[in-house]
Amino acid sequence: MILDRCFSGQLPPVDGISTLRMWGEPKSALRLRKIAYHLAGLAKNFKKMQSRGYEGAISDWEDDLKYMHDKYYIRHFGFGWPGRGHWASYLAGHCTARGGTS
C-alpha cells in the first residue's frame with residue numbers, strides 16, 4: 001500500500017530538504033502524525049464543499065486514516081490522534097485502547 005511506503009520509507013525531496021524534514025524520519029511519530037492529520041484534514045475539508053461527488057474520496061481518506069491508526073498507532077504511539085470529535089467516537093467503537101508512547 002502506498003501509505004505503508006510513505007510511512008516506512010524515504011520520501012523524495014520534492015519541495016526541498018526543509019519541507020522533507022517537516023515530515024520526520026521513516027516510522028517516526030512525526031511522520032505518522034503528519035500523514036494522519038493530512039488525511040483527516042482532506043476528509044473534513046471536502047465534506048464542507050458545496051459541490052458533491054467527493055463521497056468516494058472522503059470514504060477512502062477515512063478508511064486510510066483508520067488503517068494507519070490500527071496498523072501503526074495502536075500500541076506504538078501516544079500523540080493525539082486527529083479529530084477528537086467525529087473520529088474519536090468512530091475509533092472508540094472500532095479500535096482497542098492504545099498503548100505505548102512516542
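The values are calculated or read from the model by the stated rules, or taken from the named source; none is laboratory data. The model shown is predicted, which means the values in this text are computed figures rather than measured ones. Glycine also receives a Cβ, built like all others from the backbone with ideal geometry; neighbour counts cover every protein chain displayed. For accessibility, only protein heavy atoms count, side chains too; no ligands or nucleic acids. Shrake-Rupley method; radii C 1.70, N 1.55, O 1.52, S 1.80 Å.
So the check is Cβ under 9 Å with 6+ separation or different chains; which pairs have a first residue in the stretch 11-39 that's in contact (Cβ under 8 Å) with a residue 60 or more places away in the chain and a second one that's in a loop (DSSP other than H, G, I, E, B) and open to solvent by less than 90 Å² (accessible area, probe 1.4 Å)?
A29/F77; A29/G78; A29/F79
Based on this model, can you work out whether K44 counts as touching a residue at least 24 places away in the same chain (Cβ under 8 Å) and of a type outside the set (A, V, I, L, M)?
yes
If you go through the stretch 2-22 one residue at a time, do you hit one that is under 11 Å from the mean Cα position of the chain (by Cα), at pLDDT below 95 and at negative phi?
Scanning the stretch 2-22 turns up no residue that is under 11 Å from the mean Cα position of the chain (by Cα), at pLDDT below 95 and at negative phi.
Determine whether M49 is among the hydrophobic types (A, V, I, L, M, F, W, C) and open to solvent by 90 Å² or more (accessible area, probe 1.4 Å).
It is false that M49 is among the hydrophobic types (A, V, I, L, M, F, W, C) and open to solvent by 90 Å² or more (accessible area, probe 1.4 Å).
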